[in-house]
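The values are calculated or read from the model by the stated rules, or taken from the named source; none is laboratory data. Everything quoted here is computed from the prediction, not taken from an experiment. Because the Cβ atoms are built from the backbone with ideal geometry, glycine has one as well, and the counts that use them run over all protein chains shown. Surface areas here come from the heavy atoms of the whole protein model, side chains and all, with no ligands, DNA or RNA. Shrake-Rupley method; radii C 1.70, N 1.55, O 1.52, S 1.80 Å.
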Amino acid sequence: MVTVNLWSGLRSHVDGRDSVEIEANNVGEVLRGLVRAYPQLEPVIAAGVSVAVDGRIYAQGLTQPVAPDSEVFLLQRIKGG
Amino acid sequence: MAFDEVKTEGFKQVGTRPRRPDGVDKVTGRAKFGADAYAPGMLHAAIVRSPHAHARILSIDTSRAKALKGVKAVVTRADFAEGLTGDDWDVLENVMAGDKALYDGHAVAAVAATSALIARDAAKLIEVEYEVLAHVTDVDAAMADGAPVIRDGAADSSVPAGLHPNVVRYHESGHGDVHAGFGEADLVIEESFRTEAAHQGYIEPHACLAQLGPDGKGELWCCTQGHFHVQKLCAKMLGMEASNLRVTASEIGGGFGGKTTVFIEPVALALSRKTSRPVKLVMSRSEVFRATGPTSSTSMDVKIGMKKDGTITACQGVFRLQGGAFPGAPMEFTAMCAFAPYDVKNVHQIGYDVMTNRPKQAAYRAPGSPMAAFATESVLDMLCNQLGLDPLDVRLKNAAKEGSKASYGPRYERIGLVETLEAAREHAHYSAPLGSDQGRGVSCGFWFNHGGETSVTLALSEDGTAALSVGTPDIGGSRASMCLMAAEELGIPYDNVRTTIADTATLGYNEVSHGSRVTYASGLATIRAARDAVQKLCARAAAKWGIDEDAVIWEDGCAKPSGPNAGEFDPLPIAEITAEMGSTGGPIVGHFEATPEGAGVSFATHIVDAEVDKETGATKVVRYTVVQDAGKAIHPTYVEGQYQGGAAQGIGWALNEEYIYGDDGRLQNAVFLDYRIPVASDLPMIDTVIVEVPNPGHPYGVRGVGETSICPPLAAIANAVSNAAGVRMRHLPMSPPRILKALDGD
Amino acid sequence: MSMIHVSTTVNGDEVDFVCDPRETLLDVLRDRLALTGAKEGCGTGDCGACSVMVDDRLVCSCLMLGAEAEGKSIATVEGLAKGEDLHPLQEKFIEHAALQCGICTPGILVATKALLDKNPDPTETEVRYWLAGNLCRCTGYDKIIRAVMDTAADLRKAS
Amino acid sequence: MRYHRPTSIGDAVAIAQDASGTCRFLAGGTDVLVQLRADLVTPDDLIDIKHLPGMRDISRAGDGWRIGAAVTGAEMSENADLKREWPGVVEAMDLVGSTQIQGRATLTGNLCNASPAADSVPAMVAADATVTIAGPGGERTVPVAEIPVSPGRTSLQKGEVITAVNLPARAARSADAYLRFIPRTEMDIAVVGCGINLTLDGDTITHARASLGAVAPTVLLVDAIADALIGSTLGDAALDAAAAAASAACNPIDDKRGTIEFRTRVAGVLTKRAAKIAYERARGQS
């Protein structure tokens, strides 16, 4: 299981928690697992998110591996100007 | 050199300062920008724009316009695709209004004619009947009870119940317990701040030349930061297949985030489709101001607690951003960047995305971050002043480092904030005496940077030179950096690499030139593509020598036998391999296609001295120093240029630039005379210090540099002005009337 | 709308064109004479990207009618280099990286040449004020000013 | 739009008199072309006058000066004698726009645009300048202050055209100065402007004219400022009184360029500063 930290604005979607446990081996599985466990997150994830794995921010890469001890944060999608 | 090897020293070309490859084009007038394209049989187009901030469109009568001699076609919203959703619908709605005009300057119709003058005359003959609606242009007013609703139902699921329908997105993040943190503080300061909308202010207005025929195949030439993105959006809006539209990026006369979307391109294509003739469409400057993205204006509350020794105990911020008549104000970045430079246990931030009757905001250089720094770093300055602490010492004491938990959640990889702060403290500027009526301000700034989809090819010629094709428009000299990196890897002279910005038919998809990603991502791709080519070169040499591929190394532009075969064969220069490539396996081309994800966040520290005339409220920036971590400066001169440009834009935003709306909801200052960007006589020389703390996510350690440079200036200048004037400035721009008013105690 | 016939000289070449009375000199240079070096950044004389010389006087070509060019001598950025040889200002602008996007560069080159022709030894302040009508959004002007000062010093040494 | 290139002032007047629609004269064109581009004013008839005899000349007229209607700001700045005698008028014109604008813009055009914020007008009013007007009824001479009547409107009658600005003879120990406030250092429209013209006897001010721009619908000639200065050696009391008189004379508006409060206050500040400059210049004159 991977601990996925969520931004606190998402708490209302996940029973008031700030992190959830997801069975996942990569970023794509993290996102799919989140939606499976909490369907309310679907529009949020569909709108675009980034995932930080051990401090590195992945805006798109679903194949990035995730280990059980990885630090994983869901972030709003990072863009630029 | 292995395909993914990291190299941070021993560079032969990277770090030098050669002349840019497109230099002669740019100094002779030969370079072709957006408006410099012409085609046989070309028509000219003009757009009809709403004079109202908010109005229902009752009817559009085009008969008088169509009757004018020389007019060939008129388009309205009915000429674009239906059924788009989400962001795509928003972009189309912004390109051409549907049921309602949502801001002063919103396009409602367009016309193509045989000359630009006829097109403009015809546009005046298009009669639009409006029902004027109540409007709102201020962010706080738009959130208040009773404010006119811009679009009911626009809010997404993030918005808590009970907020005004104009609040369309909500962000909340943080960690720790801010209440407890404030309890540990010796001093807590809470202040409110406002910033006004600033335009990217690129000197080149949007321009394009479109051609779309009855066969459904199209060509588009335009000035854009991302022609692949333009292709995708235009295809959707015209209801055509993306691959049937080939988009070529012209030279681009500045973008700064403002040319990351489409405004006129779909309109020109629609007119071309109706006429089967090429259509040129060029915005006037007032159209640029009225109808293309400025950045958001903000209303912010920031609260910070500090111990007497300078330790920050808690940070809390509320950030309200209006992004015009569409969702998308970058409030989550404002919230996430606000406290990012500091290692703080207790932090909490909230963001609101608010719709108003203003043009759809577009990204502007580190979207959302400069405003955040203004609020945070102003409060830090007040805390330092009241506690008698040195502002750089305090920032160093709290600075985030590798392993620190960022205010937005994850732990940092290797970062260079401490190094910028130390360099700033040691810089002669920081200890230089101040003159009378002068004040000094410092600030840190943070930006994420970005990778994104990237595709390059590097084709070798028979003579051993290289043609590098990248898909990211060159806004500020990136061709030079690409040539340097390719030359470094191939071991050939800089002048033997030619970099071209390829069109959408020639390369795989490339994300927009934004997020400070070009030197990082296209650079990474260039290095990898060059290594791919080198592997192929080595293979040809190995075959020629009859040895194992792994036993060949690449050095100084030559294949050399290594290991047991070292010295057995003479080095084989690149030109000798490429001369025979047709008969040894075919053309040699290096590729790289991927989505690099290790952009590496970056930090800057700025020092500025400002002089305030207390009788008139006039401010002069007398000295400015930028210290920023570049990771690795590929072409240091252009890195300096990015630092200086970011600082200058920040100076304009801090002192004079703002969107001014009248009570009628119309933009009052849609000309460069009254939208006051800095002129040459307004600025001092801008000193730069390049700090290099390698980014672990790039083979040479590169971090993006374009955006972070605009993050500290608003705050640094506000601190300098506040310290010079003896009164805290909480509203940008700090125009002379605002400064005099503040001196009078508001 | 009746068109106007105009005879003029552009970069030393005799040129004839017809134009609408509302067309500016900038419109004529770009759309009728295919000289697209001068750029339109504002159309209101505020940005200087369309700077040209008319009878040795620096002007914004967007603020002059094509019809007014009758009998005048016009010089544009396209006339700055002589054959294969760039003007020293052009060389220095490349060397100093005094441009990023390059859209303001033609106007700034024409304007700075006018300055150095008139004042070979300008102070930094004089350069900055002379160029106040040439907006640059990319560079913060720093490298532009350095390139101009450096060119001026070189030209003084050479003369 | 018809573009005319008459061969004499008489012809120019005749074209203007016969014009049935909107008619404009073209000298520098820096306002006319901006209005044309912005679709604010598209004249039906545009009459180019700058090639006509005398229009481009700066000449002595008795002990004073005649500045032709098409003389550019750059040409004024390059005339050392004019600059020495009327530094305030020359510097006011020089503040209009960029180097490029200076290559085209004219005193007369700045006046006829009738903007309350025109930089050269307060300086001309303080200088007691007049204009020569050619019209259907012949020539007449009128004080500059009488030309603008409201923002964008002048007192010129149909068919009339200003052919020159006349500056009076310069008295001994006298000088002028003009200052304006703008948020940037260049390329702005005055938020407040102030022209001061002084004559001294020894160190005592014996004659003064003072004007303010951008603080009322038209440029103001403010006698109360002059009264505060006359008889003084520009001590603090006189300066304070002049500043107070300036602020009291203001009747500005709030707009994108400044507030009522700001304009009123800064008018006083500029009055002091301009008076000091004019005073020092006058003391430097023999």
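Quick rundown of the values:
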{"quantity": "Scan of the range C:102-158 for residues that are assigned to a loop (DSSP other than H, G, I, E, B) and closer than 24 Å to B:D25 by Cα, ordered by number", "calculated": "C:G102, C:I103, C:C104, C:N134, C:L135, C:C136, C:R137, C:C138, C:T139, C:G140, C:Y141"}
{"quantity": "The range B:349-404, residues that are within 14 Å of chain A (Cβ to nearest Cβ) and either among the aromatic types (F, W, Y) or surrounded by fewer than 24 Cβ atoms within 10 Å (Cβ to Cβ) (or both)", "calculated": "B:I350, B:Y352, B:Y364, B:K401, B:E402, B:G403, B:S404"}
{"quantity": "Single match in C:V59, C:V52 (criterion: touching a Lys or Arg at 6+ places or on another chain (Cβ under 8 Å), more than 10 Å from chain B (Cβ to nearest Cβ) and not in a loop (DSSP other than H, G, I, E, B))", "calculated": "C:V59"}
{"quantity": "Meets criteria (under 30 Å from B:S735 (Cα atoms) and open to solvent by less than 10 Å² (accessible area, probe 1.4 Å)) for D:A244", "calculated": "no"}
{"quantity": "Helices (runs of 4 or more DSSP H) wholly inside the range D:1-102 that include at least 1 residues being among the charged types (D, E, K, R) and in contact (Cβ under 8 Å) with a residue 12 or more places away in the chain", "calculated": "D:73-77, D:80-85, D:87-94"}
{"quantity": "Total residues in the range C:1-42, condition among the charged types (D, E, K, R) and under 18 Å from D:T30 (Cβ atoms)", "calculated": "4"}
{"quantity": "Any chance D:A238 is within 14 Å of another protein chain (Cβ to nearest Cβ), among the hydrophobic types (A, V, I, L, M, F, W, C), surrounded by 15 or more Cβ atoms within 10 Å (Cβ to Cβ) and in contact with a Ser or Thr (Cβ under 7 Å, 6 or more places away or on another chain)", "calculated": "no"}
{"quantity": "Within the range B:455-473, tally of residues that are open to solvent by 10 Å² or more (accessible area, probe 1.4 Å) and either part of a loop (DSSP other than H, G, I, E, B) or not assigned by TED's automatic domain parsing to the domain that holds B:S516 (or both)", "calculated": "4"}
{"quantity": "Those residues of the range B:410-431 which are assigned to a loop (DSSP other than H, G, I, E, B) and within 14 Å of another protein chain (Cβ to nearest Cβ), in sequence order", "calculated": "B:P410, B:Y412, B:E413, B:R414, B:I415"}
{"quantity": "Where a residue in the range C:2-30 is part of a strand (DSSP E or B) and surrounded by 19 or more Cβ atoms within 10 Å (Cβ to Cβ) and its partner, wherever it lies, is modelled with pLDDT of 95 or more and of a type in the set (D, E, K, R), with Cβ under 6 Å and at least six apart", "calculated": "C:V6/C:E70; C:T8/C:K72; C:F17/C:R32"}
{"quantity": "Residues being open to solvent by less than 80 Å² (accessible area, probe 1.4 Å) and more than 12 Å from D:A214 (Cβ to Cβ) - total across the range D:249-258", "calculated": "2"}
{"quantity": "Test: residue in the range B:561-572 that is outside any loop (DSSP other than H, G, I, E, B) and at pLDDT 95 or above", "calculated": "yes"}
{"quantity": "Answer from C:G107, C:G37, C:G66 - the residue that is buried (at least 24 other Cβ atoms within 10 Å of the Cβ), more than 7 Å from every other protein chain (Cβ to nearest Cβ) and touching an Asp or Glu at 6+ places or on another chain (Cβ under 6 Å)", "calculated": "C:G66"}
{"quantity": "Strands (runs of 3 or more DSSP E) contained in the range A:6-81 and holding at least 1 residues closer than 21 Å to B:E453 by Cβ and in contact with a strand residue (DSSP E or B) (Cβ under 9 Å, 6 or more places away or on another chain)", "calculated": "A:49-53, A:56-58, A:72-76"}
{"quantity": "Every pair of residues 6+ apart whose Cβ atoms lie under 8 Å, when the first sits in the range B:457-477 and is over 19 Å from B:D532 (Cβ atoms) while the second is at pLDDT 95 or above and of a type in the set (D, E, K, R)", "calculated": "B:D474/B:D22; B:D474/B:E251; B:G477/B:R20"}
{"quantity": "Pairs where the first residue, in the range D:234-245, is at pLDDT 95 or above and the second is of a type outside the set (A, V, I, L, M, F, W, C), C-beta under 6 Å, 6+ apart", "calculated": "D:L234/D:Y279; D:A238/D:S232; D:L239/D:K272; D:A242/D:T271; D:A243/D:G268; D:A243/D:T271; D:A243/D:K272"}
{"quantity": "Tally of residues being out of contact with any strand residue (DSSP E or B) (no Cβ under 7 Å at 6 or more places or on another chain), touching a residue at least 24 places away in the same chain (Cβ under 8 Å) and part of a loop (DSSP other than H, G, I, E, B) across the range B:99-150", "calculated": "8"}
{"quantity": "Residues satisfying the stated conditions in the range D:205-231, i.e. open to solvent by less than 50 Å² (accessible area, probe 1.4 Å) and among the polar types (S, T, N, Q)", "calculated": "D:S211, D:T218"}
{"quantity": "Residue match in the range A:29-37 (condition: more than 11 Å from the chain's Cα centre (by Cα) and modelled with pLDDT of 90 or more)", "calculated": "yes"}
{"quantity": "So B:F333, is it outside the structural domain of B:E658 (by TED's automatic domain parsing), closer than 19 Å to B:T260 by Cα and outside any loop (DSSP other than H, G, I, E, B)", "calculated": "yes"}
{"quantity": "Every pair of residues 6+ apart whose Cβ atoms lie under 6 Å, when the first sits in the range D:268-286 and is under 20 Å from D:V222 (Cβ atoms) while the second is open to solvent by 60 Å² or more (accessible area, probe 1.4 Å)", "calculated": "D:V269/B:E615"}
{"quantity": "Of the criteria (1) touching a strand residue (DSSP E or B) at 6+ places or on another chain (Cβ under 8 Å); (2) assigned to a helix (DSSP H, G or I); (3) surrounded by fewer than 24 Cβ atoms within 10 Å (Cβ to Cβ), which one B:A270 fails", "calculated": "(3)"}
{"quantity": "The listed residue being over 28 Å from B:A720 (Cα atoms) and part of a loop (DSSP other than H, G, I, E, B), out of B:E597, B:E657, B:E593", "calculated": "B:E597"}
{"quantity": "Counted residues, the range B:195-243 - those being part of a helix (DSSP H, G or I), open to solvent by 10 Å² or more (accessible area, probe 1.4 Å) and among the small types (G, A, S)", "calculated": "2"}
{"quantity": "Scan of the range B:277-300 for residues that are touching a helix residue (DSSP H, G or I) at 6+ places or on another chain (Cβ under 8 Å) and among the charged types (D, E, K, R), ordered by number", "calculated": "B:K280"}
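Here is a yes/no grid of residues against (1) under 21 Å from B:E402 (Cα atoms); (2) buried (at least 20 other Cβ atoms within 10 Å of the Cβ); (3) free of Cβ contacts under 8 Å to residues at least 12 places away in the same chain; (4) within 10 Å of chain B (Cβ to nearest Cβ):
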site	(1), (2), (3), (4)
A:M1	no, no, no, no
A:L10	no, yes, no, yes
A:G16	no, no, yes, no
A:R32	no, no, yes, no
A:S50	yes, yes, no, yes
A:I57	yes, yes, no, yes
A:A67	yes, no, no, no
A:I78	yes, yes, no, yes
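For every residue, the table says whether it meets (1) closer than 29 Å to B:T137 by Cα; (2) more than 8 Å from chain C (Cβ to nearest Cβ).
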| residue | (1), (2) |
| --- | --- |
| B:A630 | no, yes |
| B:A647 | yes, no |
| B:G652 | yes, yes |
| B:I690 | no, yes |
| B:P694 | no, yes |
| B:E707 | yes, yes |
